[in-house]
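Working notes, structure below.
The values are calculated or read from the model by the stated rules, or taken from the named source; none is laboratory data. This one's a predicted model, so the numbers in the text were calculated from it and none came from an experiment. Quick reminder, even Gly has a Cβ in these numbers, built from the backbone with ideal geometry, and neighbours come from all protein chains shown.
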Amino acid sequence: MDAPQDGDRSTPEGNRHDTPGAEMGSRQFSRKAVLRAALAAGVAVPAALLGVPALARTVNAKGGAVVPTPSCHDGDEPTIPQTEGPYFKPNSPLRTSLVDPGTVGTLLSVTGYVFGLACLPLRDVLLDFWQADDNGAYDNYGYTFRGHQFTNAQGMFTLSTIVPGLYPGRTRHIHVKVQAPGQSILTTQLYFPNEPRNNTDSIFDPRLVMTVRDGSGGREATFDFVLDVPQTGTTTPTTPTTTTTTTTTGPNPPGGGSWAAGTSYAAGDRVTYGGVAYVCLQGHVAQTGWEPPAVPALWRVA
Ligand SMILES: [Fe+2]
């Protein structure tokens, strides 16, 4: 494939992290790892881990009040950004599987959690994945191997795809944009361990290597994101908890207008919210917490 190299090769050195001899794809036992295991097992997470009062928060001089930790204190720093590259396309479809019956390639599942700065899971986080096909080609006309999804109530995501092919100038990688409601967008890339080109790709960063193993019918990868999102509570703090509803349409927006949770919007759709008109940038199903002013990746002022 005649593919240009991905984007800006002059990635700031500040984003580089050399760890000679590091065991790529495996991480030391950490509080986040404990959280991850507990969440995956569906067991209660010890309050000491969720609240992490001793590690992540401090009581101020007046007592009682706490401040958010600037980062997770067991090495779980915010996931580093990387170049978007030339192949991102907006308006990817909402789907967790990029595989269809005709897909060629080695099946790959990527699962993980999205955490904030206190290592608490974040729900309703938008993840937009795009990657090359088995031959190393991007679909720049359609949406093959492109899709977005949201973390569930436990902060977990699952992507079904294939191992992306190689193309000139780059090692094997998957692109992703990650955004918690109302927060800035993290654009980065995920890598595979033990790839020969990891040593020659100047964009590659070992901090972004997934844990990958052989599974039934394909390969299984895991990666947890940590977003630069302050957290002070003991539960996931992202989505406003204004109303508990069992309806599929959700509450009316507090600001009034035509926007409504539960509605499926397509790119180009127009709504009003809080007296302001917005145009949809990417097809999605609206959710409470994803009101137009809070998600610049989905809506812009018309
Ligand atoms: Fe790429």
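Here are the numbers for the structure shown:
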read-out	value
Pairs with Cβ under 8 Å, 6+ apart, first in segment 262-285 and in the same structural domain as Ser92 (by TED's automatic domain parsing), second at pLDDT 80 or above and in a strand (DSSP E or B)	none
Residue match in segment 101-117 (condition: at pLDDT 95 or above, within 16 Å of the ligand (Cβ to nearest atom), in contact with a Gly (Cβ under 9 Å, 6 or more places away or on another chain) and hydroxyl-bearing (Ser, Thr, Tyr))	no
Residue in segment 147-166 that is of a type in the set (Phe, Trp, Tyr), at pLDDT 95 or above and within 16 Å of the ligand (Cβ to nearest atom) present	no
Qualifying residue in segment 229-249 (condition: closer than 19 Å to Phe157 by Cβ and at pLDDT 90 or above)	yes
Odd one out for Leu190, checked against (1) closer than 22 Å to Gly136 by Cβ; (2) part of a loop (DSSP other than H, G, I, E, B); (3) in contact (Cβ under 8 Å) with a residue 40 or more places away in the chain	(2)
Tally of residues being within 16 Å of the ligand (Cβ to nearest atom) and either modelled with pLDDT under 95 or of a type in the set (Gly, Ala, Ser) (or both) across segment 169-184	1
Single unsatisfied condition, Gly142 versus (1) closer than 13 Å to Pro93 by Cβ; (2) within 16 Å of the ligand (Cβ to nearest atom); (3) part of a loop (DSSP other than H, G, I, E, B)	(2)
